[in-house]
Structures are given as structure tokens and as C-alpha cells.
Amino acid sequence: MTFSAAYVELEAKLKNAHLLSSIGELLGWDEQVNLPSDSADQRAAQRGVLAGVQHAASTDPRVGELLALLEKDSARLTDDQRVVIRWARRDYDRATKLPADFVQEKAAQGSRGYHAWKEAREKADFSIYAPVLQKNLELAQREAAYLGFGDKPYDYMIDRHDPGMTAATTEVLFDELKKELVPLVRQITTSPVKARPDLLRGFPVDGQALFLREVTEQIGFDYRRGRIDKSLHPFCSGTGADVRMTTRFDPENPLDSLYSAIHETGHGLYEQGLRADQHHTALGQAVGMGVHESQSRLWENQVARSHGFWRFFEPKLRERFPAQLHGVSSEDLYLAINAVVPTLIRVDADEVTYNLHIVLRFELEKKLFAGTLAVADLPAAWNAASRELIGLEPSNDREGVLQDVHWSDGAFGYFPSYCIGNMMAAQLWYHLLTVRPQLEEDFSRGDFSWALNWLHETIHAQGKRYDTLVLVQHATGQPLSPKHLIRYLKERYGSLYRA
């Protein structure tokens, strides 16, 4: 077999595995958006079977043979092909170390876990969820052991979401951030300046849906290759050819649906910006969740909470909701958009206090994987950490340990990605302003194309060419640091709240 024929055959194998994975994502989206309440068991079985088929494609011995052939003649590989081969080798080696029955068991457990979490959350009863969480923790530890991380399972979970990151590197970044953030939060929350988000009430859901569609389309989301629906917990899934986003609506809190939609649009823009001809290889796939979150948080916060953004969209908001905004000044509206009010719920948290919610989860996850915290003791540990970091204590488990969906599917190590993404977003923001100081003037005209094109070229088009930390250095010329996030929070919120 010729070298070029081997590479073409490998690409075909990778494409087949990728398409199977995309079907699994579509089933997961449907489960949270459309699935009838009594169909959960069948969906769990469907996802288990599909996971088995996908695993068989990913572990096809022919893939291993092709990789060995291409690696043997590596001098002939282009730079792009080296990226593809490096990641295909990593994925193949990991997949072949996981038994097929384990993969199917984990997929079915993830589906059961979601429905157990949903019921437990509705009833505010952790005992319904605890056995599922215990099982998911055991599965995560088994997976880490299969892949040679038996002594450092949490490192594996973090690297799984953010290649190149470990618990230790994450802890260094978080400790530096926490040191600066806790006193900053105290300064802002004790300021005599108070935002009035309560002024924004009675916004019809239909109007909210139309407005957020207008906003997300304006900033660049292509609805010919995606859609947005409602779900219990906002999320984004799919690939650039078919991106599925969700949000949720509350007539008494219109900013929740809007900013949830903008956040998920940031994810969607990343997916739509990846190389369309390479979705099946590392050249057309997101490097990790930290980078993914940097894109969603950049659009949600640095862009969509800026003065420039609202100089363009405020007239449109007032035109759509004249009665609701009658008597609400531009100053009060902008302060409500940038309200800092400590809350128990992570997804409702403002961007100043948000990262403390992530530090809380990171510290609890470390203890769970170290064996120093039992699942049964998690609610009490959560409440104590919330009291210490957020200054608030949940009155029930719905407000505490049951608020997030992530652990129901075994997504341990995912939460740190949010904070890493926030750090990266702030660092990218200041780099963007250095390159184009008039960026907010663009926004005030409704022009977001320069920012999106820069992100397409500098972040999205790189695919998995670089690991998380290397990509940050490549894009900004500096190593990842929390100092940019602290600077951003001080500049935006310090001035608003005179802190």
C-alpha cells in the first residue's frame, strides 16, 4: 500500500467514527429537549448500543495498522498530517485500552444518571441521586485506571477535558485567582452602588425568543447550520455542520435567557469556525473545554456586557419591550446587565462571583477523587464550602449539590474548564484591544465581524494543533495567567461600583 493510500484510508476510518459520535450527540440533545418522560429506559439502551458500535469503529485494528505504517514513514508527513496522526494515535490507544462492555455500561449509566439527577433536583432529594453519583465516580476511577492513571485519576479527568492540564497546574492558577478575587468580591458587594435587576420584569417569552435570535444572528451564528431550543439546563452540542443550542426562559428574568443564549452561541461560533473539511480529524476539532469556554465567556461577558454592544442593542431592546422598559434609564439598564449579586446558583452567578463557584466544585472534586470525601457527605461539604466562598448557604440540595447536570453523566474535571476559559477570555480580550483599539466602536455599529474573524483565524482554525496552554501562548504571546481576568473585573466592575 502506498503512503498516500494509507492516509486516505485512515481518514475514512476516522470519518466513520466521527459520524457515529455525532449521532450520539444528537441522541443526547434530543434526550434533553424532546424525549417523552417515560422513554428514558429505551434511550439509555439506545445510547449503550450506539456506544458499543462507536467503540468498535474507534478500536478497529485496521486503524492501528494504518497508524503504524504512517508513523514508520513519518518523514513524509506534512505538519497538518502530523497533527492528525498524533491525535489519532492518542485516541486509538485510549480507546483500545477501554473494554467494550465498559464503554457500553458507561454510556447507559450516563443516560440513567441524567434522569436520576432530574428527579432528585425536582424533589430536592440527594438520596435519589447519591447511588448514581457513587457509580459514576467508580466508573471514572476505573476508566482512569484502564488508561494508566490509576494513581492520579483526577489528573486524567482534567486532561480529558483540557489536554496538557493537571490538578496541580489548575490549582496554582486557581489559588492565585482566589487570593485576589475574594477581597474584590467583598469590595463590590459592600459598595453603596446597587444594581436593580428587579426593574426588568414581565418580559413575554415570545419576545425574548425573537430578541435573542436577533442578537445571536447579528454576532455571527449561522442558523442554516444550527438551531436553538429550550431545555432544563442550557447547553450546546454538535459540530459545525449541525450545532444544537438551548436556553431557558423566565418572564421575570429576561437577562437569563439572553445571556444563556449568547454563552451557548459562543460555543456554537467555535464549532462553526472549525475547518468544515476536517471535522473528523484533529484539524477540525476543538482542543478542549477550557478553550471552548473561553469562546462562550468572551462573547457572553467581555463582548455582550460592554458599552459598545449595548449602544447598538439597547434601542432594539426598547423597541421590542417599550412598556417593560418605560422609566428604566440607560444607566440603570446597564447596571442591571452588569449586576453583582452573590447567588447560590452557578448558572445565575454574575461574572465577578462566578469563578468562586468553580473553585468550590474543583476543591470538592479533588477530595472525592482523593477519597477524603464520601459521596454521602457531599451535601454537607458543599454547604460549608458555599458558606465560606460565596457567603451563602443552600436551604436545600436543589440550591446546592443538585444544581448542576455535569456529574450525572460522569463529567468530572469539567468544571475547572469554566474558570480556565474565563482566564483565557480576559487574556484574549486585552490582546484583541491591543490589536484593534476601536473594537467597541465596531460593536456600537453592530459589526462583530472583525472580532469573529480574528477568533476564527487565531483560535478556531488551529483545531487541536496546540494543547490548551500552548494555544494561549500562541494567540496572545503570554502564558495563561489569572492577572488579566482580575484586571478586567477591576476595570469594568470597579468603575461601575466605585470599588
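Quick notes
- DSSP-defined antiparallel bridges as percent of all bridges, the chain, nearest 5: 45
- Charges were assigned to the Cβ only: +1 to each Lys and Arg, -1 to each Asp and Glu. The resulting dipole of the range 99-157 about its Cα centre is roughly 160 debye.
- Rg to Rh, two decimals, where the chain supplies the alpha carbon set and Rh follows Kirkwood: 0.96
- For the range 180-299: rounded, prolate or oblate by the Cα gyration tensor [a/c cutoff 1.5]: oblate
- Pairs over the 31 Å Cα-Cα cut-off, from the set 152/230; 152/483; 123/152; 123/464; 179/367; 72/464: 152/230; 123/152; 123/464.
- For the chain, the share of accessible area belonging to carbon and sulfur comes to 51 percent (1.4 Å probe, ligands and nucleic acids excluded).
- Ligands, DNA and RNA are left out, and with a 1.4 angstrom probe the accessible area of the chain is 41 Å² per residue.
- Working ranking of peptides 414-421, 12-19 by packing, defined as the average number of other Cβ atoms within 10 Å per residue, highest first, is 414-421, 12-19.
- Residue ranges 31-38, 43-50 sort as 43-50, 31-38 when ordered by packing (mean number of other C-beta atoms within 10 Å per residue, highest first).
- Whichever aspartates and glutamates have a C-alpha closer than 12 Å to that of residue 106, once near sequence neighbours (fewer than 8 apart) are set aside: 138, 143, 409
- Farthest towards the positive end of the charge dipole of the range 445-499, among the residues 484, 470, 453, is the Cα of 484, using unit charges on the Cβ of Lys, Arg, Asp and Glu.
- Ratio Rg/Rh, restricted to the range 374-482 and using Cα atoms, in which Rh is the Kirkwood radius: 1.12
- Rounded to the nearest 20 debye, the dipole size of the range 1-92 about its Cα centre is 340 debye, using +1 on the Cβ of Lys and Arg and -1 on the Cβ of Asp and Glu.
- Evaluated with a Cβ-only charge set (Lys, Arg +1; Asp, Glu -1), the range 228-278 carries a dipole of roughly 100 debye about its Cα centre, given to the nearest 20.
- Less than 5 angstrom separates the built amide H of residue 230 from those of 247, all sequence-distant by 5 or more or on a different chain.
- Surface/4 of the Cα convex hull for the range 17-175, nm²: 12.2
- Since only 154, 111, 141 are under comparison, the one whose Cα sits farthest along the positive direction of the charge dipole of the range 74-208, derived from C-beta charges on Lys, Arg, Asp and Glu, is 111.
- Taking a span of 24 Å or more along the helix axis (Cα atoms) and a mean Kyte-Doolittle hydropathy of at least -0.5 as the rule, the DSSP H helices of the chain that qualify are 3-33, 40-58, 126-146, 167-189, 354-370, 415-435.
- Shape class for the range 287-401, computed from the alpha carbon gyration tensor (a ≥ b ≥ c): prolate, with a/c not under 1.5 and a/b above b/c.
- Annotation: Cα Rg of the range 243-343 relative to the compact-globule expectation 2.2 N^0.38 Å equals 1.29.
The values are calculated or read from the model by the stated rules, or taken from the named source; none is laboratory data. Note that the structure is a prediction, hence the values are computed from the model and not measured. All Cβ positions, glycine included, derive from the backbone under ideal geometry; neighbour counts span all protein chains shown. With ligands, DNA and RNA removed, areas are computed over all heavy atoms of the protein, side chains included. Shrake-Rupley method; radii C 1.70, N 1.55, O 1.52, S 1.80 Å.
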